[in-house]
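Presented below is the structure to which this report refers.
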Amino acid sequence: MRTDTGHRIYIHNTNCSLVKSNGTTLYTLRLRVTHGSNRIDLRTRIRVEPKLWDKRKQRVKQGYNVNGCSYNDVNSTINTYIQFVDDYFHECELMKRDPVLTDLRAKFNYAFKQTNEQRSSEFFLLFNEYIQEQAGVKGWGKDMVDVYTRLRDKLQKFNPNLTFLTLNTKNLEAIKIHLSESMYNDALKKNLAYLKSFVKWAKEKHYTVCEEFDSYKPKLPKGHISVKYLSLDELDRIYNLKLKEGTPLDQTRDFFIFQCYTALRYSDLKQLRPDNITLSDDGKHIIRLLTEKDDDAVSYPLAKRAVEIYKKYSTHIYDGGHLFPILSNQKYNEHLKELGKAAGLTGEWIDYEYRLQEKIEVHTPKCDLATHTARRTFIVTALNEGVSTNLIMLITSHSDYKAMTPYIKATMKGTGSVINAIDKTYSYNKNGREAKS
């Protein structure tokens, strides 16, 4: 039925009674739930002798014990069962969802009849189901599947008996601390968000989750990460290295330089094929590619150094018809660190990370190159040369302007122009006229 305001109210009735159990003199407590013309029986684990049962009050008689438990404890458990049923119908009202009695029974059995072992195995089995389903629905690649798989493994290590009903504030705090042992706050917040998305999915499947879960929102300070890029001089040192042609280090140098002059991610570099690069009418080499991460079509002319590297490899066809004989991501990053040392890169980047509330200063040597260093080098170099942010975003397939903010902050020319303007004002005020530059 509905009220005058259109709010749904689901009328139901819960009746407690005893039913005979096979092979025993004890009777099983049963809750019969009626909704409209439908009804369902919820059998409990409570066993009672008929003489101890008050049919009118539908409770154990005062003063008696049932299997070592006082009548107060047993009757309190019965009240919990009835409240569970009431809460289910109330939740349906709030969600404007029609009650399904078989769904109610599944939730009831899960909450009150399964052992901890059964509940925990269900939690992680559901986690596996969630990963498989979302990988298909949302088109997750291997990297995202691995992210959720690692989170599942960490949760299982934390508590193999974890259930949806044990996701209270106390346990969530313990999970937060456990995860923080192997990650800083920025990664920790992402993993807690991944957990929340899984639990939200489970709730939509009508699994009962601890009420405290949704209200759990820990405050975690955000880290300040430097933009790790190379100057043009540092890039030249890598480009001009004398390396034996065809060796893994030589190939790594070529791939890295190609990335620095194209802004391609490793995933896009790996899928590049000869037909992704064509000649325009005016003789320029044009790269056309559908990016792996953003599924965005990009098209732009290649820089001269990128063309040199393209020509070096274009006379061969490598495994899978790829343009480059790409190394695995792990091997590529390992060789990049060797390359940085071979080029004699000095200095370091300083990040300020947080582990919970503790601030940690993290120093990364510049010689510890990584695949993302190349893409960042492209962006910062372009900004330093005065290229508009919008044009850069067309090449890098960034769709969010906010994502460019760290790079803008990192440009010395951009911040230098601000300081020059301040110096100019100071000079004017001091001398009563604008100083000549």
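At a glance:
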read-out: Selection status of K107, of a type in the set (K, R), loosely packed, with under 14 Cβ neighbours inside 10 Å and over 24 Å from the mean Cα position of the chain (by Cα); value: no
read-out: Any hit, region 269-292, residues being surrounded by fewer than 15 Cβ atoms within 10 Å (Cβ to Cβ) and either closer than 21 Å to E245 by Cα or touching a Gly at 6+ places or on another chain (Cβ under 6 Å) (or both); value: yes
read-out: All positions within region 154-170 that are more than 18 Å from the chain's Cα centre (by Cα), of a type outside the set (F, W, Y) and within 16 Å of A202 (Cβ to Cβ); value: L162, T163, L165, T166, L167, N168
read-out: Any hit, region 77-93, residues being part of a strand (DSSP E or B), of a type in the set (A, V, I, L, M, F, W, C) and at pLDDT 90 or above; value: no
read-out: Selection status of Y64, closer than 30 Å to K205 by Cβ and surrounded by 13 or more Cβ atoms within 10 Å (Cβ to Cβ); value: no
read-out: Number of positions in region 257-301 that are at pLDDT 85 or above and either of a type in the set (K, R) or within 29 Å of the chain's Cα centre (by Cα) (or both); value: 17
read-out: Failed condition for D254, given (1) modelled with pLDDT under 90; (2) in a helix (DSSP H, G or I); value: (1)
read-out: Residue within region 20-34 that is out of contact with any strand residue (DSSP E or B) (no Cβ under 6 Å at 6 or more places or on another chain) and within 19 Å of A111 (Cβ to Cβ) present; value: no
read-out: Filter result for V387 (assigned to a loop (DSSP other than H, G, I, E, B), among the hydrophobic types (A, V, I, L, M, F, W, C) and out of contact with any Lys or Arg (no Cβ under 7 Å at 6 or more places or on another chain)); value: yes
read-out: Residue satisfying all of: in region 260-317; among the small types (G, A, S) and not in a strand (DSSP E or B); nearest to L369 (Cα to Cα) among these; value: A263
read-out: Residue within region 365-373 that is assigned to a helix (DSSP H, G or I), surrounded by 15 or more Cβ atoms within 10 Å (Cβ to Cβ) and either in contact with a Phe, Trp or Tyr (Cβ under 6 Å, 6 or more places away or on another chain) or not assigned by TED's automatic domain parsing to the domain that holds D268 (or both) present; value: yes
read-out: Inter-residue pairs, beta-carbon under 8 Å, first surrounded by fewer than 15 Cβ atoms within 10 Å (Cβ to Cβ) and in region 34-61, second in a helix (DSSP H, G or I) and aromatic (F, W, Y), 6+ apart; value: R45/F112; K61/Y71
read-out: Complete set of residues in region 353-369 that are out of contact with any helix residue (DSSP H, G or I) (no Cβ under 6 Å at 6 or more places or on another chain) and in contact (Cβ under 8 Å) with a residue 60 or more places away in the chain; value: E353, Q357, K359, I360, T364, K366
read-out: Members of region 29-73 found to be more than 30 Å from R97 (Cβ to Cβ) and in a strand (DSSP E or B), listed by number; value: R47, V48, W53, D54, R59, V60, N65, V66, C69, S70
read-out: Qualifying residues in region 203-251 (those that are of a type in the set (A, V, I, L, M) and in a helix (DSSP H, G or I)) - the one surrounded by the fewest Cβ atoms within 10 Å (Cβ to Cβ); value: L232
read-out: Verdict on W201 being touching a residue at least 12 places away in the same chain (Cβ under 8 Å) and among the aromatic types (F, W, Y); value: yes
read-out: Selection count where residues are β-branched (V, I, T) and assigned to a helix (DSSP H, G or I), scope region 94-116; value: 1
read-out: Filter result (in contact with a helix residue (DSSP H, G or I) (Cβ under 6 Å, 6 or more places away or on another chain) and surrounded by fewer than 15 Cβ atoms within 10 Å (Cβ to Cβ)) within region 131-157; value: V145
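Conditions tested, residue by residue: (1) surrounded by 15 or more Cβ atoms within 10 Å (Cβ to Cβ); (2) at pLDDT 95 or above; (3) in a loop (DSSP other than H, G, I, E, B).
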site: I326; (1), (2), (3): yes, no, yes
site: Y332; (1), (2), (3): yes, no, no
site: K337; (1), (2), (3): yes, yes, no
site: K341; (1), (2), (3): no, yes, no
site: I350; (1), (2), (3): no, no, no
site: Y354; (1), (2), (3): yes, yes, no
site: K359; (1), (2), (3): no, yes, no
site: R375; (1), (2), (3): yes, no, no
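Condition check ((1) within 24 Å of W140 (Cβ to Cβ); (2) not β-branched (V, I, T)) across all residues:
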position: P218; (1), (2): no, yes
position: I225; (1), (2): no, no
position: Y229; (1), (2): no, yes
position: G246; (1), (2): no, yes
position: P274; (1), (2): no, yes
position: L290; (1), (2): yes, yes
position: V298; (1), (2): yes, no
position: A306; (1), (2): no, yes
position: G321; (1), (2): no, yes
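The values are calculated or read from the model by the stated rules, or taken from the named source; none is laboratory data. Everything numeric here is computed off the predicted structure, so don't read it as measured data. As a convention, Cβ positions derive from the backbone with ideal geometry for all residues, glycine included, and neighbour counts pool all protein chains shown.
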